[in-house]
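**Q** Sharing a structure below in structure tokens format, with a few things to ask.
Read-outs: derived from the displayed coordinates by stated rules, not from any lab. Just so it is clear, the model here is predicted, and its values are computed rather than measured. As a convention, Cβ positions derive from the backbone with ideal geometry for all residues, glycine included, and neighbour counts pool all protein chains shown.
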Amino acid sequence: MPAPFDPRLAGASRSARRYLVLTGAMGLATAGCVVASAVLVSALVERAVSPERPGGFGPLLGLLASVFAARGAIAWLHARYKHRAAPRAVAELQNQLLVRMAGADQRVAMEHRGLAATLATREIDGIRAYLTGYLPALVLSATVTPVAVVAVAVLDPLSGVVVACGIPLVVLFMILVGRYSEGRSAKRLDALSRLSAELMDVIAGLATLRALGREFAPARRVRELGRAHYRASMATLRTAFLSGLVLELLTTFCVALVAVEVGLRLVYGEMGLFAGLAALVLAPEAYLPIRAMGAQFHAAQDGVAACAKTFELLDQLPARPRGNRVGDAAAALQLRSVTVSGRDGSAPQGLGAVLRPGEITALVGANGSGKSTALRVLLGLVVPDEGEALLGDVPIGELDPAWWWGQVRWVPQAPPPSQTGGGLSLGEAQRVALARALDSPARVFLLDEPTAHLDALAEAEVVGALRAKARAGATVVVVSHRAALVEAADHVVRVGVAERAVAHA
């Protein structure tokens with residue numbers, strides 16, 4: 001069973017730390033108000049029914065009104081602050097996750113994209129419910145409950161023993177429920193993660209599936225995952241409702257025990273009215289935070305599970321050291337024995353090439369040989385397992401990313417809609433992306449299959465624009481299977497198991 005509070009959350013979020021400190025201070029203040037109100041109410045009732053101590057209600061009523069006002073103000077301030085602090089804490093955690101995903105090696109980021117999407121968009125919101133509901137109840141249980149039990153024990157030791165004996169029973173029940181529901185929450189999160197990952201894969205390969213006439217094939221699998229998520233969610237809700245009912249009955253029974261023993265002892269004159277009334281007022285207050293914890297317990301389980309998954313993912317995405325050097329964008333790019341390992345082997349393997357400014361260099365090779373990966377190595381998105389990429393004599397990983405990406409224009413095989421707009425065909429989107437890239441004053445152009453969806457006339461225009469950029473001193477690197485673009489290159493680098501550079505006459 002996970003701990004009710006993950007200390008990593010306080011370490012990762014400044015807003016969460018401040019919120020925890022403020023909640024603790026307000027819990028102590030609330031505990032003082034609870035004891036004071038119980039004492040004042042008991043004193044007022046005793047004066048009202050006791051002929052030996054008539055009058056004197058004014059000062060006590062004033063104090064009681066002040067205590068109630070203070071308790072109300074504390075609750076209002078906490079409610080006002082928690083609905084501001086919780087979204088800030090969630091936003092800070094989301095930002096860390098997104099920054100870590102953006103800065104991670106692209107292979108690792110792609111491997112965890114389904115879980116990251118689930119956490120960043122849906123599951124991480126469970127932490128908000130945890131911070132606004134469960135954590136305040138947890139803090140009150142650690143402050144109000146002990147103070148109330150001690151106060152009851154001071155006023156009447158027997159009632160204090162009865163209240164204190166009931167609390168471990170409630171806590172034991174919550175532990176048992178927690179052990180049972182922990183697996184339910186984990187199954188629900190896993191089902192949603194699998195569903196997100198499956199949808200990501202389907203969306204990524206939708207163009208290929210449509211081309212093969214198989215776009216409806218994954219629908220059955222997606223429906224199965226959706227039903228699994230539904231079943232896991234319903235099981236969690238059933239557990240929440242049933243355990244909440246049992247917890248309410250158990251705490252009510254514990255309070256009733258105190259009421260019965262106090263009532264009997266008052267009838268037989270074995271205790272004073274003041275102590276009995278104070279014990280009766282304080283006993284429900286001692287159990288109230290625990291009941292609130294029970295009401296929020298399953299929301300907390302979702303929040304704790306999401307928090308644990310988030311930090312587990314952050315641990316698997318170690319922050320790469322951010323480069324801070326500025327190089328010479330007019331220098332040659334070098335690939336020195338670059339090898340990138342993947343699920344199906346190394347691609348590229350031992351790639352070596354010099355990509356000079358003022359020239360067009362074409363990377364050619366079989367599908368899956370690592371041509372697009374080589375471009376990502378040059379961009380700094382993928383860290384090679386062996387070898388290195390350099391700009392002049394500066395490793396790409398040591399360059400300031402903001403500076404380096406400002407010098408580079410990259411056109412991937414499928415330009416994203418943010419670069420091209422929506423409602424365009426593949427060829428139109430490619431032309432828009434190329435026009436935007438070639439219209440910039442960048443010194444390095446990395447183009448992945450830039451003419452794959454263009455006709456011969458448009459391809460000739462692109463080749464002419466690339467030659468103009470090369471004549472202006474830019475470094476132009478293209479990946480292509482098209483003969484016209486390869487023939488226009490000044491150098492051809494064959495990517496595969498054995499790489500070699502071939503110069504055109």
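**Q** Leaving out same-chain residues fewer than 8 places away, which aspartates and glutamates sit with a Cα under 16 Å from that of LYS469?
**A** Output for LYS469: GLU359, ASP439, GLU459, GLU461, ASP490.
**Q** Related question: Taking every DSSP beta bridge with both residues inside region 333-494, roughly what % is antiparallel (nearest 5)? Intermediate values should be presented prior to the final figure.
**A** Working: 13 of 30 bridges.
Of the beta bridges lying entirely in region 333-494, close to 45 percent run antiparallel.
**Q** Can you tell me how much longer the chain between ARG14 and GLU386 gets when fully stretched, taken as 0.36 nm per residue apart minus their C-alpha distance, in nm with one decimal? Let's see the in-between values first.
**A** Values: separation 372, 0.36 × 372 = 133.92 nm, distance 3.87 nm.
That works out to 130.1 nm of additional length.
**Q** Can you give the net charge of the other residues whose Cβ lies under 12 Å from the Cβ of ASP490, counting K and R as +1 and D and E as -1?
**A** Numbers: positive: ARG356, ARG467, ARG471; negative: GLU359, GLU487.
Neighbour charge sum, excluding ASP490 itself: +1.
**Q** Also, quick follow-up: Which value does Rg/Rh take for region 10-162 over its C-alpha atoms, Rh per Kirkwood? Present the calculation step by step, with values, prior to reporting the outcome.
**A** Working: Rg = 23.2 Å, Rh = 18.9 Å.
With Rg and the Kirkwood Rh in hand, the quotient comes to 1.23.
**Q** When the Karplus curve 6.51 cos²θ - 1.76 cosθ + 1.60 is applied with θ = phi - 60°, which whole-Hz ³J(HN,Hα) does each residue of region 134-146 get, with x for Gly and Pro?
**A** Result, rounded to whole Hz: 6, 4, x, 5, 5, 5, 5, 5, 8, 10, 5, 4, x.
**Q** Can I ask one more? For region 333-438, report the % of Cα-Cα distances exceeding 22 Å.
**A** Details: 2157 of 5565 pairs.
Of all Cα-Cα pairs in region 333-438, 39 percent lie more than 22 Å apart.
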